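Everything below concerns the one structure shown next.
Read-outs throughout are calculated quantities, based only on the coordinates presented, and are distinct from any laboratory measurement. Given the structure is predicted, the values throughout are model-derived calculations rather than measurements. We place every Cβ from the backbone using ideal geometry, glycine too, and count neighbours over all the protein chains shown.
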Amino acid sequence: MLDTNDQNLPDVNDNMDDVKSVNSDNQESKDLEATQNTPEESIAEATEVPSESDDKAAVTEDSPVAEDTPEQTETKENLSDSEQAAEPTDEKVASDSKDADEEPEVPAIALGDDADVEDVVKYLGHVIATYPIQKIGQQVEQLKRMFNVKFGQLLKEARKKHAEEGGEPSDFHYENPIQQVYNDVLFEYKTKRQAYQDKINAERQENLVKKQAVIEELKALIDSETPDNIYNNFKALQDKWRSIGAVPHEAYKDLWQTYHFHVERFYDLLHLSNELRDLDFKHNLEEKTKLVLKAEALAESEDIKSAFSELQILHRIWKEDVGPVAREYREEIWNRFSEATKKIHDKRHSYYDSLKETYEQNLLKKEAVLQELEHYNQIEHKSHNDWQKSIKQVEALRKQFIKAGRVPKHKDREIWEKFRSVNKVFNQAKNQYYKGVKKDQQVNLEKKRALIEIAESYKDSEDWNEAVEVMKKIQQDWKTIGHVPRRVSDTVWNEFKGACNHFFDRYRAAMNSLEESRMGVYIQKKKYLNDLKQQAESEDFNPDLETLMSYVDAWKDFGVVPEKQRYIDVKFNKFLDPYFDKVSEDKSKLLMLRYKTHIDQLVEQKDTRRINDEIQFVRKKIDHIGKEKQQMETNSQFFSNADESNPMLKNIRKEIEKLSFELGIWEDKLKYLRGIEF
């Protein structure tokens, strides 16, 4: 007789279908999360690294294993022996567990953090070529993640270099030969995996035929053998059944029920030999007790996923490998096994409930990030700095979005599409702005190239005064021109700087040589001035105008002194001023004579800056004195009826006369300045 409590086992077959469904559903979520973890590819629309999302499998949603209610249990216990055939379990679990025991373990991945993408691809090819294809799924997934991270770093570096060279984000394209090698290796993996699956399917079809043959032998055994030999032959058929292996999933349930129907028939016949039946019940009780102890230990485990997986194997053994026990032990042994199973299910449900709550919190975080990202799509960016600031902040938000983690499956696609949409709007606006900037930079490039041509034309000039002014001006103009494309920025700057440096190196060398000769002039002038001062100590030193002018001419003939020693000219002028006052009765002529001497010295020194400043100063002086004179003339009209002896009228007329004299002097100075060629 079969153990009636086997009928109360959870329907593992249905459970595993649920788990597979969850795996499939959550695979999309996992692949999507993997895409989120590489925003360089998805957001910037760069070269993508193909991924095989179908290789991934992880139970991430709550898919409870079906359990019998107390009512169902009670109903099943009241069934007849022939009605209590246990439900079949998923034979794939059994097959996989056997393979796991027989196949060698694949070693952990022996790659350090310093491994590059070539190392990862090479190691991936080694794993696929060396170890059983059904054993390397976890290692392949880990290596794929490593490749994506390291390739993403290469992609980021390439994009950064592209930007530094002045390239536009929309023009970025990255290719690496390792991509094709990686894709070829993954294709080989998928091909081998499919070949393995085809082989397994063929073997299961053969096993189906073999197990059908065993059933036929069992039927013949029951119908023909005598009780003395039937038990040993039955055990042999059981061993043969267990050794055959898995059959196609769709045929398993009917095959299992048929097999156990005939097993029931055998135990009906076994009533003829109570001794053999009792020995079998005892052995089965010992085996089921071991299974109960293992299940109870799993119920205390903190590794929920592993415990649930091992529980499926225990259920398979309970139903497949161990027969019934004596009726007085059936309820007790089953209740212990069922209680441990229920405890594992409850812990698993709680685990997935907590995951759901976490996913909901992650959803709220991601929605908050999306609101902040929307804000940056509303900002008006007016400059490169504005965009760079927003780009950094948006990038930080993107990372925050990815880091938030997974969300409920039914919201996964929706929240990701919103994220892509918001980023697309931002990137389009950014690209549009930088396309305009690119046009402006091209105009700036043309302007800077024009300045380079000027610099090149003057860099070997010997006309120092003109060339210095031109070179200084184009340097100022260069500063006012905006940015040029980054890819040529260093080139045009080096060309311009090279021409300017070449000129000013020559200019400094010439000025240093000129400075040495001017120091000689300074020494001569200093000696000449000292000689005049010694002559002036004599009582008969009383030079006339012609002699004074000869002193001035001699002073000019010496030449120009260094800028720091120009005070010697001032001393010379001060020395001669008292003597000019003595010999000249025309004050205006004397003033102009001194002024011309001063200006001629500036002309000799080629000090165009000071000459231009002097012209501006004289013009302002003429304007100021003219207005002051006009005001005095206006004031004098108030005294039109006054007596000529009126003191105030006399003062006004005297002031007007003084201003007229000064105005004439300044106008003569301006006239002289305008006649200078420099």
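Converting phi to 3J(HN,Hα) with the Karplus coefficients 6.51, -1.76 and 1.60 and the offset θ = phi - 60°, the stretch 186-202 yields 5, 5, 4, 4, 5, 5, 5, 5, 5, 5, 4, 5, 4, 5, 4, 4, 5 Hz in sequence order, with x at every glycine or proline. In terms of packing, defined here as the mean over residues of other Cβ atoms within 10 angstrom, the peptides 616-624, 662-670 line up highest first as 662-670, 616-624. Once each part is reduced to its C-alpha centroid, what is the distance from the stretch 378-417 to the stretch 441-513 in angstrom? So the separation of the two Cα centres works out to 44 Å. When the C-alpha to C-alpha distance is required to be over 28 Å, the pairs from Lys606/Lys669; Lys161/Lys365; Lys472/Lys527 that qualify are Lys161/Lys365; Lys472/Lys527. About its Cα centre, the dipole of the stretch 522-562 is roughly 400 debye, where the only charges are +1 on Lys and Arg Cβ and -1 on Asp and Glu Cβ.
How big is D for the stretch 348-401, in µm² s⁻¹ as a whole number, if Stokes-Einstein is applied with the Kirkwood radius of its Cα pairs at 10 °C and 1.306 mPa s? It comes out at roughly 122 µm²/s.
Structure shown: which of Lys564/Lys654; Lys533/Lys629; Lys319/Lys356; Lys305/Lys409 lie over 31 Å apart, alpha-carbon to alpha-carbon?
Lys564/Lys654; Lys533/Lys629; Lys319/Lys356
Overall size of the stretch 423-523 from C-alpha positions, given as principal axis extents largest first: 77, 21, 18 Å. Straight-line reach from Lys219: which lysines have a Cα under 20 Å away, not including same-chain ones fewer than 8 places off? Candidates past the 8-residue exclusion: Lys210, Lys211, Lys235, Lys240, Lys253. In this label model, Thr480 and Glu302 are separated by 7.3 nm, measuring between points 7 Å along each Cα→Cβ vector.
With no solvent and one equal point scatterer placed on each C-alpha of the stretch 516-587, evaluate the Debye formula and give log10 I(q)/I(0) for q = 0.11, 0.12, 0.20, 0.28 Å⁻¹, two decimals. Taken in order of the listed q values, log10 I(q)/I(0) reads -0.29, -0.34, -0.85, -1.36. Projecting the Cα positions of Leu593, Trp666, Pro578 onto the charge dipole of the stretch 524-674 (unit charges on Cβ atoms of Lys, Arg, Asp and Glu, taken about the Cα centre) puts Trp666 furthest along the positive direction. Rounded to the nearest 20, the Cβ-based charge dipole of the stretch 423-523 about its Cα centre (Lys and Arg +1, Asp and Glu -1) stands at 1080 debye.
Shown for Leu602, Leu370: other C-beta atoms within 10 Å of each C-beta, ranked fewest to most, produce the order Leu370, Leu602.
What separates the Cα centres of the stretch 284-353 and the stretch 608-642 is a distance of 116 Å.
Note on Asp613 and Lys365: their simple-model spin labels are 6.7 nm apart, each label 7 Å out from Cα toward Cβ. Once both labels are positioned 7 Å from their Cα atoms along Cα-to-Cβ, the gap between Ser461 and Lys582 label points is 4.8 nm. Segment Val106..Lys235, full-extension length gain: 42.8 nm, with 0.36 nm per residue of separation and the alpha-carbon distance subtracted. In the stretch 423-523, a dipole from Cβ-located charges (positive for Lys and Arg, negative for Asp and Glu) runs towards its positive end, and of Ile454, Gln442, Tyr522 it is Gln442 whose Cα lies farthest in that direction.
Extension gain, Glu546 to Arg420: 0.36 nm times the residue separation minus the Cα-Cα distance gives 35.9 nm.
Packing, as the average of other Cβ atoms within 10 Å across residues, places the peptides 153-160, 291-298 in the order 291-298, 153-160, highest first. Dipole size of the stretch 254-405 about its Cα centre, with +1 on Lys/Arg Cβ and -1 on Asp/Glu Cβ: approximately 700 debye, rounded to the nearest 20.
Neighbour counts of other Cβ atoms within 10 Å put Tyr579, Tyr182 in the fewest-to-most order Tyr579, Tyr182. Principal axis extents of the Cα atoms in the stretch 524-674, from largest to smallest and rounded to whole angstrom, are 63, 41, 22.
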